[in-house]
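Novice: For reference, the structure I am asking about is given below.
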Number of protein chains: 2
Amino acid sequence: MQGALPPSSVGELGERRIIDLVRSRLTHPPTWVKLGIGDDAAVIEPERNHLEVLTTDALVEGVHFDRRFMPADAIGHRALAVNLSDLAAMGATPRAMLLSLALPDSLPVADLEAFLDGLFSLAGRFRIVLVGGNVSRSPGPVVIDITASGSVKPRKLLSRSGARPGDEVYVSGTVGAAAAGLEQLRASSDGTALCESCVSRFLRPEPRIRLGMLLGRNRAASAAIDLSDGLADAVHQLAAASGAGISLEADAIPVEPEARRWFEARGVDPLTAAMTGGDDYELLVTVPRRRHRAFGAVQKLAGSLLLTRIGVVTSGREVVMQRGGREEEVPAGFSHFG
Amino acid sequence: MQGALPPSSVGELGERRIIDLVRSRLTHPPTWVKLGIGDDAAVIEPERNHLEVLTTDALVEGVHFDRRFMPADAIGHRALAVNLSDLAAMGATPRAMLLSLALPDSLPVADLEAFLDGLFSLAGRFRIVLVGGNVSRSPGPVVIDITASGSVKPRKLLSRSGARPGDEVYVSGTVGAAAAGLEQLRASSDGTALCESCVSRFLRPEPRIRLGMLLGRNRAASAAIDLSDGLADAVHQLAAASGAGISLEADAIPVEPEARRWFEARGVDPLTAAMTGGDDYELLVTVPRRRHRAFGAVQKLAGSLLLTRIGVVTSGREVVMQRGGREEEVPAGFSHFG
């Protein structure tokens, strides 16, 4: 139709043209992709002598994100970042992803484009190839489901279950920034950001892919897990999977300074807030004493990324924290359900 | 709490106990599963000298299914069947799946259990192992996203793009039953089923895994595609991917007899209804003349599964149908979007 306005919502756009928007962002595939988007399924060649690492994580509008205060490109970034963080915790190198989208008819095409820009920008940085997916209509929220695939040599694989009593416990980066950032976004409808770095840490979490690979390659860690549901939850999960306990030092936990000030100003205990808040995509790792030198090499290679010793693995099953001369229980985690 | 009622909705159940319900259905994993559910990601060992085939397909409540007239176990069956059908069209042997669920708080626990029963019953028949997934709350519809992984030897891979002029076009089973079944379910709120076999074909589609593997192993097909969006759509897609045309014989198309009667009684052209209705999970395959004998062997091995010659690949780009002495265009397919 001559003179017709371009479609402004995905409902007007339709499935084929949505897929075209995705395809237009694809780059030339590597040789290990035998068949990408366009057949009944994707076909890839596994890396020789490697294991395949697979993970899937969904973002549901109204549960994991809110379009009212999260820019669409940040949602795209996050949808992939949460999956890459899982691969990082295994020491895997990311390779491929599949994208499943359920979209309400009313979603603006501009939002879909910004979403794809955020997603493909992060994918490009880690050379992840989109090999398949599907698009359907949603009668309710936007639902984004990504499956990511990576590869790792068997001896370089990290898992949650290898921690042994005496191993030291480390965390990468700082914690609490994302939780403070989320609260700020929720609170300040006027756009006032009191901790800009917190907001940006919440909006664009950085998956620790390189750190995971360095730990695996140097065989520097006995166990690893990502902090998707917060530090407290991660410590509990890693301890349980390893059949061990963990004792943390409260003073050692690297709470993001700006987040600490933000929580203190609101009369909230910064440490509790930082430990139970989700959305930090740092890694929690345990390091056997005999791998201390290898871990030192990883620390050097990690450059500006902080790796802080926050505790030790114990032979009990308790997860505790030393704070102000007393031992206290570590609060339980955080759930996206119920 | 003593005397408390067991949770009746998934909102009361919570994430951990939902995951427990899933885990309780897992069987002992094969040796190629190095890490299953419970770590940050799953780890599997690729099959040596095989390619990996990956597909993802989502079912969205209100778009792909309606809980008012579809039993929960049929929804579980379908969620996996649609993915297995994609693997079948590649000639792949299914191996692993990841399950991503977004569930409204109000969903009855009994429905979740029946859903899982339907899903795991089909998975068990094809020895597919659930290796990972995630569960979250949905503020709207039930959304089920499954990623399935299979493997195939490079020379046994089927794709959409290998059809060449002169190849014969075959379809498995019959078409139209699922479309008639869906219309019956929608129409008869009093539970009267006029074509029971149609309803059951809609509710529990049978993915043609064995046929796909037989075609691949015998190198009997030049191209294959599944009929998820109907025969008309599949013919168009296969022709376009192969850069060829297809000419169908209307009289040869195996419309399910009960569906034919059902559509005729409603004054609807059964052939058009059967070709444009979705949800038939049969395979459309093209067979080069020089592979005729190999295809005959596949027909024997396929046993009671009908394989009907319905047309021929042509050198043009048109997709046409010979009907009553005239050539007509094949109607376009069917979209789950917009």
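The values are calculated or read from the model by the stated rules, or taken from the named source; none is laboratory data. Fair warning: this is a prediction, and the values are worked out from it, not measured in the lab. Cβ placement follows ideal geometry from the backbone for every residue including glycine, while neighbour counts extend to all protein chains displayed. Note: accessible area is taken over every heavy atom of the protein model, side chains too, but ligands, DNA and RNA are not part of it. Shrake-Rupley method; radii C 1.70, N 1.55, O 1.52, S 1.80 Å.
Novice: Grab the other residues whose beta carbon is less than 10 angstrom from that of B:SER100, score K and R as +1, D and E as -1, and report the net. Before the final figure, lay out the partial values.
Specialist: Details: positive: none; negative: A:ASP57, A:ASP145, B:ASP145.
Net of charged neighbours comes to -3.
Novice: Right, next: Copy-to-copy spacing for B:ARG309, label 7 Å out on the Cα-to-C-beta vector, in nm, shortest first?
Specialist: The answer, with the shortest distance listed first, is 7.8 nm.
Novice: Residue by residue through B:125-137, how many Cβ atoms from other chains fall within 10 Å of the Cβ on average?
Specialist: Details: counts 0, 0, 0, 0, 0, 0, 4, 7, 5, 9, 4, 11, 8.
That average works out to 4.
Novice: Can you tell which of A:ALA221, A:ALA177, A:ALA302 shows the greatest fluctuation in a Gaussian network model of chain A with Cα springs below 10 Å?
Specialist: Checking each option, the largest mean-square fluctuation is seen for A:ALA302.
Novice: Same structure again: Place the label 7 angstrom along Cα→C-beta at B:SER121 and in each other copy, then list the distances from the first to the rest in nm, shortest first.
Specialist: 4.8
Novice: Still on this structure, I have one more. From Cα pairs below 8 angstrom and at least 6 apart in sequence, can you work out the relative contact order of the range B:185-338, rounded to a whole percent? Kindly include the intermediate steps, with their values, before the conclusion.
Specialist: Working: 226 pairs, mean separation 56.5, N = 154.
That works out to 37 percent.
Novice: Could you grab the relative contact order for the range B:69-225? Cα pairs under 8 Å, six or more apart, rounded to a whole percent. Each step should come with its number before you reach the end.
Specialist: Values: 264 pairs, mean separation 57.5, N = 157.
Across the range B:69-225, relative contact order equals 37 percent.
Novice: Mind scanning A:LYS34/B:LYS300; A:LYS300/B:LYS34; B:LYS34/B:LYS300; A:LYS153/B:LYS153; A:LYS156/A:LYS300 and naming the pairs with a C-alpha gap bigger than 26 Å? Each step should come with its number before you reach the end.
Specialist: Details: A:LYS34/B:LYS300 31 Å; A:LYS300/B:LYS34 31 Å; B:LYS34/B:LYS300 38 Å; A:LYS153/B:LYS153 22 Å; A:LYS156/A:LYS300 19 Å.
Correct reply: A:LYS34/B:LYS300; A:LYS300/B:LYS34; B:LYS34/B:LYS300.
Novice: Can you give the FRET efficiency to the nearest 0.05 for B:ASP20 and A:SER315, using r as the Cβ-Cβ distance and R₀ = 30 Å?
Specialist: On the way: r = 28 Å, r/R0 = 0.92.
So, using R0 = 30 Å, E works out to roughly 0.60.
Novice: At 7 Å along the Cα-to-beta-carbon direction for both A:ARG67 and A:ALA4, put a label point, then send me their distance in nm to one decimal.
Specialist: So the label points at A:ARG67 and A:ALA4 sit 2.2 nm apart.
Novice: What residue of chain B has the nearest C-beta to the axis that moves B onto A, and what is that distance in Å, given as a whole number?
Specialist: B:GLY140, 1
Novice: Let me ask something else about it. May I ask for the Rg/Rh ratio of the protein assembly as shown, computed from Cα atoms with Rh as the Kirkwood radius, given to two decimals? Please report the intermediate quantities before stating the final value.
Specialist: Details: Rg = 26.5 Å, Rh = 26.4 Å.
Value, to two decimals: 1.00.
Novice: If you build a Gaussian network model of chain A, linking Cα atoms that sit under 10 Å apart, which residue out of A:SER161, A:SER106, A:SER149 swings the most?
Specialist: A:SER106
Novice: What angle, in degrees between 0 and 90 and rounded to the nearest 10, separates the Cα long axis of helix A:177-187 from the longest principal axis of the Cα atoms of chain A?
Specialist: For helix A:177-187, the angle is close to 50 degrees.
Novice: Let me ask another. If you take the beta carbon distance between B:SER188 and A:ARG289 as r and set R0 to 56 Å, what does 1/(1 + (r/R0)^6) give as a FRET efficiency, to the nearest 0.05?
Specialist: 0.20
Novice: If each of B:GLN299 and A:LEU306 carries a label point 7 Å out from its Cα toward its Cβ, how far apart are those two points in nm?
Specialist: For B:GLN299 paired with A:LEU306, the spin-label model returns 7.3 nm.
Novice: Just the number, please: carbon plus sulfur as a percent of the accessible area of the range B:57-139, 1.4 Å probe, no ligands or DNA/RNA counted.
Specialist: Working: 1090 of 2300 Å².
It is 47 percent, rounded to a whole number.
Novice: Compute the acute angle (0 to 90°) between the alpha-carbon long axis of helix B:292-301 and the principal axis of greatest extent of the alpha-carbon atoms of chain B; round to the nearest 10°.
Specialist: The angle comes out at about 40 degrees.
Novice: Right, another one. Tell me, what % of the accessible area of the range A:229-269 is carbon and sulfur with a 1.4 angstrom probe? Don't skip to the end; give the middle numbers.
Specialist: On the way: 690 of 1580 Å².
Heavy-atom surface of the range A:229-269 belonging to carbon and sulfur, 1.4 Å probe: 44 percent.
Novice: Additional query: Can you tell me the relative contact order of chain B? Whole percent, Cα pairs under 8 Å, sequence separation 6 or more. Write out the running numbers ahead of the final one.
Specialist: On the way: 762 pairs, mean separation 71.5, N = 338.
Relative contact order here is 21 percent.
Novice: Run the helix sum for the protein assembly as shown: -39,500 (n - 2.57) per DSSP H stretch of 4+ residues, divided by residue count, reported at 222 nm to the nearest 500 deg cm²/dmol.
Specialist: Numbers: 22 runs with 226 residues, N = 676.
For the protein assembly as shown, the value works out to -10000 deg cm²/dmol.
Novice: Ok, one more. What quantity of accessible surface, computed with a 1.4 Å probe and excluding non-protein components, is buried in total between chains B and A, in Å² to the nearest 100? Let's see the in-between values first.
Specialist: Working: alone 16360 and 16330 Å², together 27740 Å².
Using a 1.4 Å probe, the pair buries roughly 5000 Å².
Novice: How shielded is A:7-15 by partner chains, expressed as the average number of their Cβ atoms within 10 Å of its Cβ atoms? Please list the in-between numbers first.
Specialist: Numbers: counts 1, 0, 1, 2, 2, 1, 2, 3, 4.
For peptide A:7-15, the averaged partner shielding equals 2.
Novice: Compute the helix-to-body angle for A:109-125: its Cα long axis versus the longest principal axis of chain A, expressed 0 to 90° and rounded to tens.
Specialist: Computed tilt is about 50 degrees.
Novice: When the label point is put 7 Å from the Cα of B:ALA252 along its Cα-to-beta-carbon vector, which residues of the range B:164-190 have a backbone N closer than 12 Å?
Specialist: It comes to B:166-171, nothing else.
Novice: I want the antiparallel fraction of DSSP beta bridges within chain A, as a percent rounded to 5.
Specialist: Expressed as a percentage, antiparallel bridges in chain A total about 75.
Novice: Once the Cβ-Cβ distance between B:ARG127 and A:ARG261 is put in as r, and R0 is 56 Å, what FRET efficiency do you end up with, to the nearest 0.05?
Specialist: Working: r = 56 Å, r/R0 = 1.00.
The formula returns an efficiency of 0.50 here.
Novice: Placing a label point 7 Å from Cα toward Cβ, how far apart in nm is B:LYS153 from its equivalents in the other copies, listed shortest first to one decimal?
Specialist: Nearest to farthest, the other copies are at 3.0 nm.
Novice: Rounded to the nearest 5, what is the percent of antiparallel bridges among the DSSP beta bridges in the protein assembly as shown?
Specialist: Working: 92 of 122 bridges.
Expressed as a percentage, antiparallel bridges in the protein assembly as shown total about 75.
Novice: Continuing with this model, one more query. Can you give the accessible area per residue of the protein assembly as shown, in Å², using a 1.4 Å probe?
Specialist: Details: 27740 Å² over 676 residues.
On a per-residue basis, 41 Å².
Novice: Given a 1.4 Å probe, show me the residues in the range B:65-96 buried by at least 30 Å² of accessible surface when comparing the whole protein assembly to the chain alone.
Specialist: For the range B:65-96, once contacts with the other chains are taken into account, B:MET90 lose 30 Å² or more.
Novice: Please give the length that would be gained between A:SER200 and A:ARG323 if that part of the chain were fully extended, namely 0.36 nm times their separation in residues minus their C-alpha to C-alpha distance (nm, one decimal).
Specialist: On the way: separation 123, 0.36 × 123 = 44.28 nm, distance 2.99 nm.
This chain segment gains 41.3 nm when fully extended.
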